[in-house]
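Note sheet for the following structure.
The values are calculated or read from the model by the stated rules, or taken from the named source; none is laboratory data. What you see is a predicted model, and the numbers here were worked out from it, not measured in a lab. Here the Cβ positions follow ideal geometry from the backbone for every residue, glycine too, while neighbour counts run over all protein chains shown. Ligands, DNA and RNA are excluded from the accessible area calculation, which covers all protein heavy atoms including side chains. Shrake-Rupley method; radii C 1.70, N 1.55, O 1.52, S 1.80 Å.
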Amino acid sequence: MLVRVSLGLLVLFLSISYAAFEATARIHYDRIKTGNTNSNSNISSLAGIEFPNHMSFNAVSSSTSTNGCSYLNDDDDDGSKKIVKLHLKQRQIDSKTEPKSSVLKSTMRDSIRIQALHTRVIEKKNQNAISRLNKQSSLKPVIEKAAAPESYTDGFSGQLVATLESGVSLGSGEYFIDVFIGTPPKHFSLILDTGSDLNWIQCVPCYDCFEQTGPYYDPNESSSYRNISCQDPRCNLVSPPDPPLPCKTENQTCPYYYWYGDSSNTTGDFAVETFTVNLTSKGNSEFKPVENVMFGCGHWNRGLFHGAAGLLGLGRGPLSFASQLQSLYGHSFSYCLVDRNSDTNVSSKLIFGEDKALLNHPNLNFTSLLTGKENSVDTFYYVQIKSILVGGDILPIPEETWRLSTDGTGGTIVDSGTTLSYFADPTYKIIKEAFVNKTKGYPLLKNFPILNPCYNVSGIENVELPDFGIEFLDGALWNFPVENYFIWLEDDVVCLAILGTPRSALSIIGNYQQQNFHILYDTKKSRLGYAPMKCADV
């Protein structure tokens, strides 16, 4: 039975040309070269957040060594990690959003994101070209069956639990997380993204920035902000401007440039800062600082980030928030995304660390994550699909369609930053044809924009549609409820919420298909877990 849901998504910006963006960025780096990085700004900062009286920001902190990143590691007497919780509000849904228009804008934004993901694949392919030429045999993913839930023995019992906001009210298909940055800590809302690594925020002076909710971050108002120098080894972790600028002085800042698509970029200074978390253990709550978190202080930021102050990366690379905080919560994180039509008082959850309730869930399944492949992008969470099932039948999709090829193309990733799910041709065409052949009794709408197939279900209370599932190479099966792969665009129109990408491109399992599943990323055991869950109850 299909539950009627609506999807409010991104209102796209008309971006300033990329050439203009690069020109303003070059002005900044000319200043870096000459040592003139000072700039006055009349942008006001957000007042410091008031915390409970018992909290002391200086009570516990990590080492301030500049040789590497060190983090809060405050254990209980029994040696287990403490639990960290952040409780935040959820945005109001804009009831005026028209679903058809919203989906159009979402797919436009998704297309730009997919192009950016493909650019990273091509970049990785170019980096590995010489080494691949020396290979005599083709690379093939080695898939081992993921470990059973009961074998999870990390020993970490601590958690960082944050509530996530759907971007519906901002016209976005992404999810937002509130963070506290600096000393004193100030509140900012960042986009959550498992498809990228760099954490960054719009910074004063903001020479060319997009609209955000609240003031920009001002490093001059934080006593814990520190620039990373261009001679620091950590500077090698970020992409420099093109062409790279020479490092002339010892205290010259490390510039970075990170792109997400033709019109989505961030450029600025690579730095470290203190992120404040709410540490909870045995029922007691206390705010604690986590020092030396690497992030980008962005002075030029363009693209599709409307309303957010920046981005929190959860990819597999060393710069991501997930990777940097492993000493605090271990090697796993999870999230549970409520559907976008939920009550505004209900929020999604992001959990860092072991979640015993999830690990004990009777319907928790695991599939292996592909790692250590020369042709894979280190940031992405790759899974190996074997087959697609529609209406209980395995579809005749060629096996090679799913392979992560030796030139870096193909493969499937799980991504929180892409709204809908996308399958590379011919997979999408075969899936679409299967739904058309198995859906009887509802008039098929011709020439309906964006999604296909779409059906007229006027006067039908309970709409019955074929089942949909993904079978992985290691034997795991992921079955989806119908509301995760069909969407209402009008009162009497329902459409398949899956689209295609060109042959050999990435396939992507997006956040719409992940709703009401608790998704676990276990990087230590290299596996992805998923359990059907009413995420409002997590």
In square angstrom, rounded to the nearest 10, how much accessible surface does ASP407 have for a 1.4 Å probe?
60 Å²
Long-range amide H partners of GLN252, meaning residues 5 or more apart or on another chain whose placed amide H is closer than 5 Å, are CYS230
Beyond 22 Å, what share of the Cα-Cα pairs of the range 402-538 remains, rounded to the nearest whole percent?
43 percent
Please compute the per residue accessible area over the range 463-531 with all protein chains in place, 1.4 Å probe, rounded to a whole number of Å².
26 Å²
Surface share of carbon and sulfur [accessible, 1.4 angstrom probe, percent] for the range 177-315
49 percent
Using 1/(1 + (r/R0)^6) with R0 = 41 angstrom and r between the beta carbons of ASN363 and THR213, what's the FRET efficiency to the nearest 0.05?
0.65
Which percent of the accessible heavy-atom area of the range 423-538 goes to carbon and sulfur, probe 1.4 angstrom?
47 percent
For the range 185-200 and the range 463-533, what is the separation of their Cα centres, given in Å?
24 Å
Taking H as built 1.01 Å from N, whose amide H comes closer than 5 Å to the amide H of VAL457, not counting residues under 5 places away?
VAL493, VAL494
